[in-house]
Structures are given as structure tokens and as C-alpha cells.
Amino acid sequence: MASTLQKFIHSLDLRALPRVLQIQSGIYCQDSVYEMFGNEFSLSTEDIIKVIGFKINKLIASICENNEVSHFSAKVELPLNFPGLYKVVADKTPYVSIEEIARKVSIGSTRFGHPSFYSTKDIKLANFTIKRDEQITFNSVEEVHGMMAVKCVVVRNNQSHSFTLPLSQEGEFYECEDDQMYTLKEIAEWKIPRSRNRIVKLSNTLQMWDSNPLPENFDGSLILMPVYEVQAVMKFRKDIVHILSDLDVEVKDVTDHYDISSFLQPLSLEDLFERTSKEFPVVAEIMEGPSGNEKPYNLLSTGKEIVIYKKYQAARVLASEMRSDSSKRHYLIPMSYKGKFKRRPREFPTAYDLEIARSQKEHLHVVATKAFTSPHKELFSVSVGDQFLVQQCQTSEVLYEGRKKLIDVLACEQILSDSYKKVLLPMYMEGGFVEVIHDKKQYHLSEICKEFHLPFNVKVSVRDLSMEKDVLAAAPGLQFEEEITDSYLLVSSASSPVESWEIPVYRLNMLVHLLSKDVQTVIPPVTRTTVEEVSEEEYYMLRRYENLTLHPPPRPPKKPT
């Protein structure tokens, strides 16, 4: 049965991909040629295409009043990078089964992919009863005892109860309210159910937009209608074509009557990384390469053949420029970076931060930049300009309302003109300190990570001469924020394998297909060091996901009450 491309996409389950479609009819059916995203291609009646994926390309927005489109609102097109933070308004339309939720709602491994719903009636399971209106968090869709089911969690009396709900479970399920703020891109990727629109409330404008399509000082609600970009493969073509879902063509699903293997099989970098280590090295042809004029991205253009030697996890240091303005740049620096760094002074807002930063290697020397008057005579009051050598954390007795009380303190030595004075600073002290640097040594990156606590401030003193352009050398100063582990593929050119490059699996949009060619040598050529600049959005995603795996540090002790 034929349907419009848009209806087909709205009804499609991502888990059913790939699907083979036959073009049936439309205003573009007679040998039409279009150019989209730089790809010129034609769609004729009875053409066969294989759909390998789709994602939201843009959003059509209308101003919302009382959960409906305003009669006075014109539709405007919003790109996914349109600035602002938005709150998702819970959908008032119910879902009739767990299968419908799994098919239409994005459920995945990140915190974005854990939607919450409630049932209007109790659900009795074998050893657990879900109460009506109780929040159910959906974590993943998996096969359990030969049946597809959703793994869920209910929190009751501060205790988590895990269980599975079969896709066949019917009922009346509504979305729960969501207090989180999201960017438009995050909403497009995770928070718009298939075949439904989404109402969002603008909560915070991040920056001005040159040509803002929304009314001036707008702070209301919007109805977002997604327009999908379909990724497809056509016979006799070695590249990926991108088709917008609102293209006026009719299609018919002929997957069951067609040999899918007759098409080229595009693989993303994530697909390659999921292969076993024994399957490498392989030769691949790039079907769709990343944008960028610098190495290695200029070597990864469409049509080029590459050798992929291996997959692995590698350590990187996430660093940011030290600038007072908002234009600071962010980098991922590999441990193979051959430049050297000199230390720059660090700033510490509390005495607790001094305790975290101190090391056995040296005494931390700081100058107070903010005065603090101690409420206890046993503890020291700080004046601007006071200098200290930080010693250790300990406990001390103080008199509070006539009673003795033990509190955490930081033991320091105050530096006087010709002597030292032992003093105690309350750990809860909110002051301000700046580090005094006596160390003139030049450090390699690995030495800093081994000997000091991050965050750590530096400036490049000797640039990496193995790189054509060392972007770090031009930075006025860098703050090493944290060490992370990320996934990489090691690749080189198949025609002239004189050097190899590490390419990030999750930040590079690239599609390849494997070639049945032998690899000339399984030993990769010398690996070139690459400092990767990451966007503001990628930076926050890196910090967000990295911090999810870490236990947060203990909060500084509060001032006694």
C-alpha cells in the first residue's frame, strides 16, 4: 500500500531499519533531478531506494496558546542550533500500549533516553504492583526470555524497584512532567515522539540570534513539528542521498520482496567500533566524509579509500582556554602531545578547594584576595594580601553558644615578614585565594596528570614541533579540566599509508562501506598527534557524560548553625 514519504517515516520503527522502498508517484516522479545537501540525484517512478536511517533536520514552530496553534501565529522554521533552553510540556495524548511507547519514543542508554510515564490504573505483575499515577522510568528495550520488553524502574520510599513490562502490555499511559531544561537539538534527538508534535516552553535565551524569527522578547510556548532527513542508498551509487520527509512523493515498502544485500552496506563509525578486534584491519571506501580543511578531515573526503587498523579506548585531557570573555575554545589533548607546559596560578574560591588542590609534592602557597572574619576566636580571620602555606586538614574544638564543638579546619602557616605563624582556617570559609608559583619547571602532559590534581592551569612553553600547526601554542593560558577516556579508530590512506590518524568515533559523522581488498601491511604507519577542537555543545556533552560515571566530590562543610 502506497503512502506519502512523511507518513511512512512517522509510522516506521527505527528497529525495523533498513527498509527498501519503491517510488510510486509524485510531482517529481518523471526523471526529476534535485540537489540536496550538495548531492544531485534523481527519483523516478519505480526507482528502488534503501532507507538506512533518518533524523530530524529542522523544526517548524508555531506559537502555542492553550495547547493549540495560535490563530495569529505564522509558522517559522527553526534550525536545530537555534539558541535557548526549553522545558518540555508533557503530552496530553495517552499511549495505549508499551509497544506504542517503545515504537514512538526514544529510549536509550543516556539520561536523555529515560522517559517517564504513569498508568491510569494499577498494573499487577508477578511479584510487584505498579500503582496508578506512579512514575515509571523506562531505561531500555531488550529481549527478555525470548520476548521484547522494556526495563523499567519505580522509586518508592527512596528505594528503586526494577522490573520489565512486555511490549504487549496495554493500558492508558501518559507522559510525566519533566523539570529538566534542554537545547532544541537535544529535544529533536530525544524528546519528540514519532508522528507527534511537541510543545515546549522557552525558559532561557542563551544568546542573540542575528535574524530571530520569533517575536521580540518572546517567552511563551511553541508547538514544534519535525521535518525528517532520510538517509538512503540508491543502486549504482556509492554515496548517501539525503531526502527531506516533506518531499511530495509516494512510496511503497517492498522490503519483503527485495534482496537487501544487493545494495551497498553503509557503516557508521559506531558500527565499525562494534565489530570485534579480530575483524581489523579492513579497507573501506568513504561514502560520506566529514567537513573540515585540516588533517585528518581533509583526507577523509567522499570516494577516498582508507585502511582502518584497529579500535581502542584512549585517554585525553579536556582543556579550555583561560579567557574572561565567552569566546573560549575547548580542546581534547592526547597523551602523545610532545609540547611542554609551564604552570599558571590557580584560583580557589574556598578553603575546601585548597584542601583538594594540595599535594605531597610541594606546599601550596596562596595569597588571600578576599577578607574573612572568623566567628570563632580559636580560628584565624583573613585579610586581603595575607599569604599562607597550606598544610593539612584536621579537626579543632571551637566554643559555640557556650558549648565545645568539633569542626573541620585547614591547618596553614601564615607567611610573615621574617617568620611563620601557625593558623587554622575553617573549612567552610568562603574567601578567595590565588596561587603563588615558584616552580619554573617545564612539564609534559603525562607528568602533569601524574603529579597534580586537575583542574590545573598552564601555558604552552614549547610547542609540539611534530604538528604542522600547534593550536595550543597561541592560547593565552589553558586550564586542564579533567582526564577522560574516549573511543577511537586508527586509520590511514589506502593509496599512500605514510602516516596514521586517530579519529573519534562519537564526534565524527562519517559513513563507509567495506571493500574486499587485502591490507598491504597490518602494522600501521607512525601515528600523528592531533589536538581536537570541540564545539561548545560537544564540550558540555563530554563533561556531562564523563561526570555521570564519577561520584561527585563531597560538598564543603557548612558553617556551624
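The values are calculated or read from the model by the stated rules, or taken from the named source; none is laboratory data. Here the structure is a predicted model, which is why all the values come from computation and not from measurement. So basically every Cβ, Gly included, is an ideal-geometry build from the backbone, and we count neighbours across all protein chains shown. For accessibility, only protein heavy atoms count, side chains too; no ligands or nucleic acids. Shrake-Rupley method; radii C 1.70, N 1.55, O 1.52, S 1.80 Å.
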Residues being aliphatic (A, V, I, L, M), part of a strand (DSSP E or B) and buried (at least 16 other Cβ atoms within 10 Å of the Cβ) - total across region 86-118: 1
Residues located in region 387-429, provided they are closer than 16 Å to residue 357 by Cα and open to solvent by 60 Å² or more (accessible area, probe 1.4 Å): 392, 394
In region 23-70, the residues that are at pLDDT 85 or above, more than 33 Å from the chain's Cα centre (by Cα) and of a type in the set (Val, Ile, Thr): 23, 48
Pair list, Cβ < 9 Å and 6+ apart or interchain, from region 505-533 residues that are among the aromatic types (Phe, Trp, Tyr) to residues that are open to solvent by less than 30 Å² (accessible area, probe 1.4 Å) and in a strand (DSSP E or B): 506/486; 506/487
Number of positions in region 248-287 that are touching a residue at least 60 places away in the same chain (Cβ under 8 Å), part of a loop (DSSP other than H, G, I, E, B) and buried (at least 17 other Cβ atoms within 10 Å of the Cβ): 4
Test: residue in region 462-476 that is farther than 26 Å from residue 372 by Cα, surrounded by fewer than 14 Cβ atoms within 10 Å (Cβ to Cβ) and charged (D, E, K, R): yes
Close pairs (6 angstrom Cβ cut-off, 6 or more residues apart or separate chains): farther than 19 Å from residue 188 by Cα in region 106-130, outside any loop (DSSP other than H, G, I, E, B) and polar (S, T, N, Q) anywhere: 122/129
Subset of region 480-513 [in a strand (DSSP E or B) and either surrounded by fewer than 18 Cβ atoms within 10 Å (Cβ to Cβ) or not assigned by the TED database to the domain that holds residue 301 (or both)]: 482, 483, 484, 485, 487, 513
Subset of region 325-372 [among the aromatic types (Phe, Trp, Tyr), in contact with an Asp or Glu (Cβ under 8 Å, 6 or more places away or on another chain) and under 13 Å from residue 445 (Cα atoms)]: 337
